[in-house]
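**Student:** Got a structure for you, questions after.
The values are calculated or read from the model by the stated rules, or taken from the named source; none is laboratory data. No experiment lies behind these values; they were computed from the predicted model shown. As a convention, Cβ positions derive from the backbone with ideal geometry for all residues, glycine included, and neighbour counts pool all protein chains shown.
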Amino acid sequence: MTCKGICTRYKAQKPVGTGRYASGQRRCQICEIFIKWEGLWCPCCGYRLRTKPRNLKYKAKLRARVEADAAIKVQTVETQQVVKIDAASSEFVKETLETAVSESWTKTKTVAELRKSEGMTIKKARELVKEAFEAKSKPIAIKA
Ligand SMILES: [Zn+2]
Ligand SMILES: [Zn+2]
């Protein structure tokens, strides 16, 4: 079964606004061409013509699965990044907060430093700063 070049006579134009199969065109896998032909067999090579897109359901399923996988991967990466930042930053955050308290930074400056280095949200930075300053100020208050 080989293409004899006859199929080009039946070559179908790509329809506008609809699919090739939907508009009655058939595809020959051997000639790799869409033709306008009523028969089941290619008038050129004699191979069985395709009247439906192959594995349409399977393809749709596959696409859905690939998309789902991609979504999961993105999610995983995001989660990992968050975890990594949390783990790596806890030391840094602690140090920053300790420095801030010992060097009497203002809360605003400390928040700004945390946000600058850690990309932390202002809310989270403020919370941490508040905690750190309150924790440190208590013993001082007792001493005084
Ligand atoms: Zn052909
Ligand atoms: Zn053919």
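**Student:** For segment 29-45, enumerate the residues that are loosely packed, with under 13 Cβ neighbours inside 10 Å and either touching a residue at least 12 places away in the same chain (Cβ under 8 Å) or not aliphatic (A, V, I, L, M) (or both).
**Tutor:** Within segment 29-45, 32, 38, 39 qualify.
**Student:** Being free of Cβ contacts under 8 Å to residues at least 40 places away in the same chain and hydroxyl-bearing (Ser, Thr, Tyr) is the filter here; which residues of segment 1-28 pass it?
**Tutor:** 8, 10, 18, 21, 23
**Student:** Still on this structure, please answer the following. What number of residues in segment 27-39 are assigned to a loop (DSSP other than H, G, I, E, B) and under 42 Å from the mean Cα position of the chain (by Cα)?
**Tutor:** Residues meeting the conditions: 5.
**Student:** Also, I was wondering about something else. Please work out which residue is modelled with the lowest pLDDT, limiting yourself to segment 127-144 and to residues that are within 17 Å of residue 92 (Cβ to Cβ) and surrounded by 15 or more Cβ atoms within 10 Å (Cβ to Cβ).
**Tutor:** Out of the qualifying residues, it is 132.
**Student:** Would you check which residues across segment 38-47 are more than 11 Å from ligand 1 (Cβ to nearest atom) and not charged (D, E, K, R) and list them?
**Tutor:** 39, 40, 41
**Student:** Could you list, in sequence order, all residues of segment 56-83 that are exposed (fewer than 10 other Cβ atoms within 10 Å of the Cβ) and modelled with pLDDT of 70 or more?
**Tutor:** Scanning segment 56-83 gives no hits.
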